[in-house]
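Input: a single structure, listed below in structure tokens.
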Amino acid sequence: MRKDKPCILRVEDVTMQFGGVVAVNNFSMEEYEGEIVAIIGPNGAGKTTAFNVITGVYAPTNGRVTFDGRKVIENFPRGKMKKGYLGENAGKYTDHLEPTPDKLTALGMARTFQNIRLWKSMTVFENVLIAKHMKRTSNLFSATFGGNRAEEKRQRDEADALIETVGLSDVRDEPATSLPYGKQRRLEIARALATDPKLLLLDEPAAGMNPQETVELTRFIGEIRDQFHVSILLIEHHMDLVMDISDRIYVLDFGSMIAHGTPVEIQANEKVIDAYLGVTDDA
Amino acid sequence: MKKILALALVFCLVAAFAAVAYADNPVVKIGVFEPQSGDNGAGGKQEVLGMQYANKMTPTVEIDGVTYDVQLVFADNASSNDKAPTAAQDLISNGVSLVLGSYGSGVSIAASDTFLNAGVPAIGVTCTNPQVTAGCDVYFRICFLDPFQGTVLANFAKSELGASKAYCLAKLGDDYSGGLCNYFIDAFGKDNCVYEQFPEGTSDFSTYITNAQNQGCDVFFSPVSTEAAAQIIAKADTQALGMPILAGDTWDSNVILNAAKGTDVRICVTTFYQEGANAEFDAGIKEWINSDATALANNGGNDELAAVTVMGYDAYYVALEALKAAGSVDPEAVLEVLPGVTYEGVTGNIAFDDIGDALRDSAFVKECNTETGVWDFVTVATVG
Amino acid sequence: MKQNEKKVSWISFLLVLAFLGLVFWLDQIIKPTNKMYMLMTVLQKGSVYALAAVSMNLLNGYTGLFSLGHAGFMLIGAYTYAIFTIPSSARDTVYQYFDAAIRISFPELLSNSMGSAGTVLGVAIAVIFAGLAAAFFGYLIGLPVLRLKSDYLAIATLGFAEIIRAVFQWQKLGPITNGSNLLKNFMRTSLFKLKVGDTKLVFSTFVPVLIATLSIIVIVKLVNSTYGRAFKAIRDDEVAAEAMGINLAKHKMISFTVSSFFAGVSGAMMAMVLSIAQASNFKAAMTYEILLMVVLGGIGSTSGSVIGSFLFVAASEWWLRGLDSGKFLGIEAPGIFRNGFRLVVFSVIIMIVVLFFRKGIMGEREISDLFREKKKAKGAAR
Amino acid sequence: MGKTILPYIISGISVGGQYALIAIGYTMVYGILRLINFAHGDVFMVAGLMMVYMAAAMPLYIAIPLMIVLTVLLGFLIERVAYRPLRTAPRMSVMISAIGVSYLIQNLALYITGGLNKNYPSIPWISDRVHVLGLETSRVTIITPFLTLLLVVLLVLLINHTKIGMAMRAVSLNFETSQLMGIRINNVISATFIIGTFLAAVGSMLFFTNYPGVVPTSGAMPGLKAFVAAVFGGIGSIPGAVIGAFIIGVAESLIKGLDTILIVNGTITEQIGFATFSDAFTFVLLIIVLVFKPTGLFGEKTTDKV
């Protein structure tokens, strides 16, 4: 716990309902600066949905997200949802704040994707460079007519430095999709880092990796936190990785949070074990 | 497989390029700038028939003491204003001495600048819109103009048909029908006219017929292309239009006769020529049309003469006169003498005024006989 | 690496300059009555379509927005250019059925005070005006339609182009648009001549080629800028682009508006090359043709679009003409080689490209990439 | 007032019925392949042209069935040659292929007809003039909506109660899963094209009997309008497409007559020129629907997955 540090992310009572299905139910969590926090849970527990709410892909049906001391997302059941809302805390929130993902990225949130989403037609270098686009100060005309040479050069240098840091220099000019899986993951993380985030959200970073790669990734994530001074929120299935690097863990099952605590606490939690072993009512 | 395909494609293009170069012929070339496809394709083909027949009758011309073979060079302007300049350029690059055409005013207007730029004279055959020759020193024409035709038609509608309210239908963006309607309305009186335009590609004319009926009109003026005409006539029949249809020279075509035969629609048109005015010519051209399968097909399958065919015939001889007078095959020389050229044609005496328009002061009015499917002569109309 | 880049851009610059010089020279020696004038027609029309195709490619190829509204924006450009360059003496002849409402002609206005330099400037202003008008409408149309996805966007933009066409043909707007009738007598390529001393210099082909070249250079610069990279990111993966801080709505709108601007410019060029402007010419079929040019050259390649358009125009207007007139490759078969056969052969070629050579001529590469690849290969050999 | 408007409504319903028959082809193909089959309208035109040529060479009772069979064959072939090889390609490529096919068919028709208007043969009985509700019109105008509805009912029965119909519904719900479940996707797609073109062939017969002129571009506008009708009704939904088509048919007819209706009514005294917008209006409708209810009147909502 690093509760002495300021809170970077606070999620309050977030409920996400699709039609009549409640995918995330009244989920709350917080993360403090410099922490690595993991959200775990069986398949279909609503982890990715929660992630998509935090990053602005979906607007929550109800609840609030505060980032870096600033309220960024808030919603309450409106329109058709007003009648059909199945969750709790209706009426607690009254504001409507629904930024697009790019706005949140501009505030300092950056993410990776479960099913790697690199820009296919571009090289490793370009993938990182484009993520710098957000940081531009040039307008359309100065950019087109070469009035931003200095900025362009600075961005290129920064991108190169970043590629160097994450150890992809040898494949700098290769097409991004020609890389082996592990390196693609690494590139996706580098791309996210290029936006200079305060909080890095990793959606199953170890998915599809062999144990060797997973070990490397675990070390890599730790290094990133220290080197770039970012907080990290991740979803993961690989328990080794989660238990290894997480400061705290939140466990979701059927959309609701069933436990949270340090890795040691979670490992001992009955509910968590049941959820993972799939205890059924008639068992 | 792919490579072979690619090679074949490249080969075709290169070979085609090589084939562009062709040999010169010691002949005088007359460009035929006419629509062979599109809305006015049928009309264009009929106009060309007259030129082809004339070319068959008089295949040579004596210029400055030398006998030249006359070669007709064709370019299809596809009844489309945006294809017209390229088609015109095609003729010019082919080295024609002068150009005949086109059927349909829009394409002529569109191409006028191309002819002007190259200094190649053009003789309009049945393009009646004033804009064809206005401001274009190289464009001449042997037909009457829309202000004249519109007035004739309006007078005819008032006095002969006893109409007091007219429904005018033109095609959007078509200079011929739009122009003619405009001059008709000017002469008929704006307050007594309902003017509507249908967009290109319209096939449902029933609504326009209903509009005319609902607004209590008593003459239906629609000088549109023959393609639309056939459909208007069919609908007028099934919906019992109940008023005569009036149109300009384009409707003087057997397309109309075929469509109107057996219906009870009354159709009157103004035109340049009445079959029977020159029996010898009529017999000759009919014999030729009947003997030539392509010509017969181009004339719509029978030997009923369209006025535009006769106009095409006359235009060819005007061109020969101009060549003779110029004493040269050079377009510039032809252009110089063209204003002074006169010719006594089948459709009457042809001479040009200052602008390059024909000095014509009369039009034939014909009515379709729906039982026999031929044109009946009604009157010769003049304005004055 | 850096040096190579510089070298490539220098070579490109010199090549462009040489090309412009060649066109200028051809303009002086090939007269309209010359048999080779078809070459000039192809150069003129080719540059119109090249710019149209490149601007469409900016949208369809680089930003991944499948828009079919190009003809509509070209129409706006053509009309704006035409309306503002009709000399006052010809205004009433052109608007024969209407009382013209707009009576400003930029070239005329400026030539009164500045002579022939004023005419040139006037034409330039009218062309830019044409682009701005198209861009303005592009912006307005973009507001509702850019939220739509792939084929819905395509059909909505197609619909807007049809609506624009209908509005411009509306009788009630006659005093501005001349109703559905054509506009003519404005500043057109055949008037682009200059008397210097005793020699008459002709710019009929040079001007459209120059406008297209300059415009395409601007588009290339844009595509290679940070904004262009953002467009490509949107094309490759919209979700990732948004997650990396690229504002989708804003960047799509920039791409759409810029594309409309240059579509408008190409429309203005179309008007000056054809010497007429008429709404009924700007049908969906025109958009389809431009799209096929883009496909022919390779979606996502600017040089591909340019090559594709020139090939398209040259093949359909010039090389394959024999297919229509009875004699092709020395074979005479009037029964088969008759009117329309050219277009059949042509569309079969297009279908073959679409089905079997999906990447088109250039794929996503550029001509300059070919240089680079060679260099790279050489470097590797060493 | 009623007497003034009635003819427009009747003519609109008739055109709507013809659009509906084309729209079904669009909506079914889109439902399964997510492809706007731009060539569909041109197939409709080809059906008209074939009828023109065949009616001149053989009696109608042979020409009509043969025309329908050949049109269906054409629809089948287009899918086979131009769409199937691109099954795994991006959607844009397939759409471009569709535009290419449309371009090819139109140019081929231009070549064969010489670009001239061809007169559609008049089919006895249905092209006769009849007197209904105090109006003169042709019989085809009256029977079109009924025939359309009959065919739609048959089609819905087919889709709901046969094996191939069930397969179609499955494929339109989820392409990949259906494939995994052992549905022969290619057969289903072929069947879709066959049904779509069959209806277009019947539609073409009714349409061209009503408006008897066939040119290479005859199919383009009706095709686009039918597609708009399909979107309007909610793409993928057959009843939606039919209702959309009727709405568009009637609206189009009323727009053409709006000047007259208002003048007769006394609302306006001068022509406004609404008829200019008879085609454009369809697209206005389209854009309104797309912007405010992208799923159309009867379409189902889908969410994109991240």
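The values are calculated or read from the model by the stated rules, or taken from the named source; none is laboratory data. As the structure is a computational prediction, the values presented were derived from the model and not from experiment. Note: ideal-geometry Cβ built from the backbone for every residue, glycine included; neighbour counts use all protein chains shown.
Residues that are more than 7 Å from every other protein chain (Cβ to nearest Cβ), surrounded by 23 or more Cβ atoms within 10 Å (Cβ to Cβ) and without any contact (Cβ under 8 Å) to a residue 60 or more places away in the chain are absent from the range C:271-285.
I'd like to verify a number: residues in the range A:1-35 that are crowded, with 16+ Cβ neighbours inside 10 Å, among the aromatic types (Phe, Trp, Tyr) and within 14 Å of another protein chain (Cβ to nearest Cβ), how many?
First, the residues of the range A:1-35 that are crowded, with 16+ Cβ neighbours inside 10 Å: A:7-17, A:22-27, A:29-35.
Now drop any that are not among the aromatic types (Phe, Trp, Tyr), which leaves A:27, A:32.
Cutting the leftovers down to within 14 Å of another protein chain (Cβ to nearest Cβ) gives us none.
Qualifying residue count, the range A:1-35: 0.
Looking only at the range A:151-167, filter to residues that are within 12 Å of chain C (Cβ to nearest Cβ) and exposed (fewer than 15 other Cβ atoms within 10 Å of the Cβ); which one of those is farthest from residue A:190 (Cα to Cα)? This residue is A:153.
Among the residues of the range A:39-88 satisfying the criterion of being in contact with a Leu (Cβ under 8 Å, 6 or more places away or on another chain) and among the aliphatic types (A, V, I, L, M), which is surrounded by the fewest Cβ atoms within 10 Å (Cβ to Cβ)? Among them, the one singled out is A:72.
Screening the range B:47-102 for strands (runs of 3 or more DSSP E) wholly inside it with 3 or more residues that are away from chain C (no Cβ under 14 Å) and of a type outside the set (Phe, Trp, Tyr) returns the ranges B:60-63, B:66-76.
Are any residues in the range C:241-260 in contact (Cβ under 8 Å) with a residue 12 or more places away in the chain and at the interface with chain A (Cβ under 10 Å from one of its Cβ atoms), and if so, which ones?
Start the filter on the range C:241-260 by keeping residues that are in contact (Cβ under 8 Å) with a residue 12 or more places away in the chain, which leaves C:246, C:248-249, C:251-260.
Once the filter is applied, which keeps residues that are in contact (Cβ under 8 Å) with a residue 12 or more places away in the chain and at the interface with chain A (Cβ under 10 Å from one of its Cβ atoms), the range C:241-260 yields C:246, C:248, C:249, C:251, C:254, C:257, C:258.
Taken over the range C:328-366, the criterion of being modelled with pLDDT under 75 and either buried (at least 16 other Cβ atoms within 10 Å of the Cβ) or in a helix (DSSP H, G or I) (or both) is satisfied by C:328, C:337, C:338, C:339.
With more than 20 Å from residue B:265 (Cβ to Cβ), more than 7 Å from every other protein chain (Cβ to nearest Cβ) and modelled with pLDDT under 90 as the only criterion, which of B:176, B:183 stands out? Spell out how you get there, then give the answer.
Numbers: B:183 fails: modelled with pLDDT under 90.
Within the list B:176, B:183, the selection yields B:176.
Go through D:105, D:99, D:62 for me and flag whichever is more than 14 Å from chain B (Cβ to nearest Cβ) and over 21 Å from the mean Cα position of the chain (by Cα). Don't jump to the end; show me each part of the working.
On the way: D:105 fails: over 21 Å from the mean Cα position of the chain (by Cα); D:99 fails: over 21 Å from the mean Cα position of the chain (by Cα).
When all the criteria are applied, what remains is D:62.
Tally time: how many residues in the range C:71-103 are away from chain B (no Cβ under 14 Å) and over 23 Å from residue C:293 (Cβ atoms)?
Going through the range C:71-103, the residues away from chain B (no Cβ under 14 Å) turn out to be C:72-73, C:76-77, C:80-81, C:83-84, C:100-103.
In the following step, the residues that additionally are over 23 Å from residue C:293 (Cβ atoms) were identified as C:80, C:83-84, C:100-103.
Matching residues across the range C:71-103 total 7.
For residue D:204, are the conditions met, namely being among the small types (Gly, Ala, Ser), within 20 Å of residue B:236 (Cα to Cα), touching a Gly at 6+ places or on another chain (Cβ under 6 Å) and within 14 Å of chain B (Cβ to nearest Cβ)? Can you show your working first?
Working: among the small types (Gly, Ala, Ser): yes; within 20 Å of residue B:236 (Cα to Cα): no; touching a Gly at 6+ places or on another chain (Cβ under 6 Å): yes; within 14 Å of chain B (Cβ to nearest Cβ): yes.
Judged against the criteria, residue D:204 is not a match.
The set of residues from the range C:140-182 being under 26 Å from residue B:130 (Cα atoms) and not in a helix (DSSP H, G or I) comprises C:169, C:170, C:178, C:179, C:180, C:181, C:182. Taking the range A:205-283 as the region of interest, the helices (runs of 4 or more DSSP H) fully inside it that hold 3 or more residues being in contact (Cβ under 8 Å) with a residue 12 or more places away in the chain and more than 16 Å from residue A:36 (Cα to Cα) are A:211-228, A:270-277. Name every residue in the range D:223-242 that is out of contact with any Leu (no Cβ under 7 Å at 6 or more places or on another chain), assigned to a helix (DSSP H, G or I) and either of a type in the set (Val, Ile, Thr) or more than 14 Å from chain C (Cβ to nearest Cβ) (or both), in order of residue number. Correct list: D:239, D:241, D:242.
Where in the range C:1-105 are the helices (runs of 4 or more DSSP H), entirely inside, with at least 2 residues that are under 21 Å from residue C:304 (Cβ atoms) and touching a residue at least 24 places away in the same chain (Cβ under 8 Å)? Here the list reads C:2-29, C:37-57, C:70-83. Filtered by the rule that a residue be closer than 21 Å to residue A:245 by Cα and in a loop (DSSP other than H, G, I, E, B), the range A:4-52 gives A:4, A:5, A:6, A:33, A:34, A:35, A:41, A:42. Considering every residue within the range C:242-251, establish whether at least one is more than 17 Å from the chain's Cα centre (by Cα), surrounded by 24 or more Cβ atoms within 10 Å (Cβ to Cβ) and not hydrophobic (A, V, I, L, M, F, W, C). Checked the range C:242-251: at least one residue is more than 17 Å from the chain's Cα centre (by Cα), surrounded by 24 or more Cβ atoms within 10 Å (Cβ to Cβ) and not hydrophobic (A, V, I, L, M, F, W, C). Here residue A:170 meets the list (1) surrounded by fewer than 16 Cβ atoms within 10 Å (Cβ to Cβ); (2) at pLDDT 90 or above; (3) in contact with a strand residue (DSSP E or B) (Cβ under 6 Å, 6 or more places away or on another chain) almost entirely, failing just condition (3).
Specify the residue that is farthest from residue D:31 (Cα to Cα); the eligible residues are those in the range D:172-204 that are under 11 Å from the mean Cα position of the chain (by Cα) and of a type in the set (Gly, Ala, Ser). That would be D:204. Would you please name the residue that is surrounded by the most Cβ atoms within 10 Å (Cβ to Cβ), looking only at residues in the range B:72-122 that are polar (S, T, N, Q) and more than 18 Å from the chain's Cα centre (by Cα)? Among them, the one singled out is B:114. Among the residues making up the range B:194-225, those that are among the hydrophobic types (A, V, I, L, M, F, W, C) and either surrounded by fewer than 22 Cβ atoms within 10 Å (Cβ to Cβ) or within 7 Å of another protein chain (Cβ to nearest Cβ) (or both) are B:194, B:198.
For beta carbons closer than 6 Å, sequence separation of 6+ or different chains, a first residue in the range D:128-151 that is free of Cβ contacts under 8 Å to residues at least 12 places away in the same chain and more than 9 Å from every other protein chain (Cβ to nearest Cβ) and a second that is exposed (fewer than 14 other Cβ atoms within 10 Å of the Cβ) and of a type outside the set (Phe, Trp, Tyr), there are no qualifying pairs.
Scoring residue C:136 on the criteria (1) farther than 20 Å from residue C:91 by Cβ; (2) modelled with pLDDT of 90 or more; (3) within 14 Å of chain D (Cβ to nearest Cβ) leaves a single failure, condition (3). Cβ-Cβ distances below 6 Å connect the following pairs, each with a first residue in the range D:263-283 that is within 8 Å of another protein chain (Cβ to nearest Cβ), a second residue that is modelled with pLDDT under 85 and surrounded by fewer than 21 Cβ atoms within 10 Å (Cβ to Cβ), and a separation of six or more residues or different chains: D:264/D:4. Selection of first residues in the range B:82-103 that are in the same structural domain as residue B:127 (by TED's automatic domain parsing) and at pLDDT 85 or above and of second residues that are aromatic (Phe, Trp, Tyr) and assigned to a helix (DSSP H, G or I), restricted to Cβ pairs under 8 Å at least 6 apart or on distinct chains, gives the following pairs, ordered by first then second residue: B:88/B:115; B:89/C:37; B:92/B:115; B:92/C:37; B:93/C:37; B:99/B:115; B:100/B:316.
Quick check on my filter: what residues within the range A:111-150 are part of a helix (DSSP H, G or I) and more than 7 Å from chain C (Cβ to nearest Cβ)?
If we filter the range A:111-150 for residues that are part of a helix (DSSP H, G or I), which is where we start, we get A:124-135, A:140-144, A:149-150.
Matches in the range A:111-150: A:124, A:125, A:127, A:128, A:132, A:135, A:141, A:142, A:149, A:150.
Before we move on, is residue A:89 within 23 Å of the chain's Cα centre (by Cα) and either farther than 26 Å from residue A:190 by Cα or modelled with pLDDT of 90 or more (or both)? Taking the combined requirement at face value, the residue does not satisfy it.
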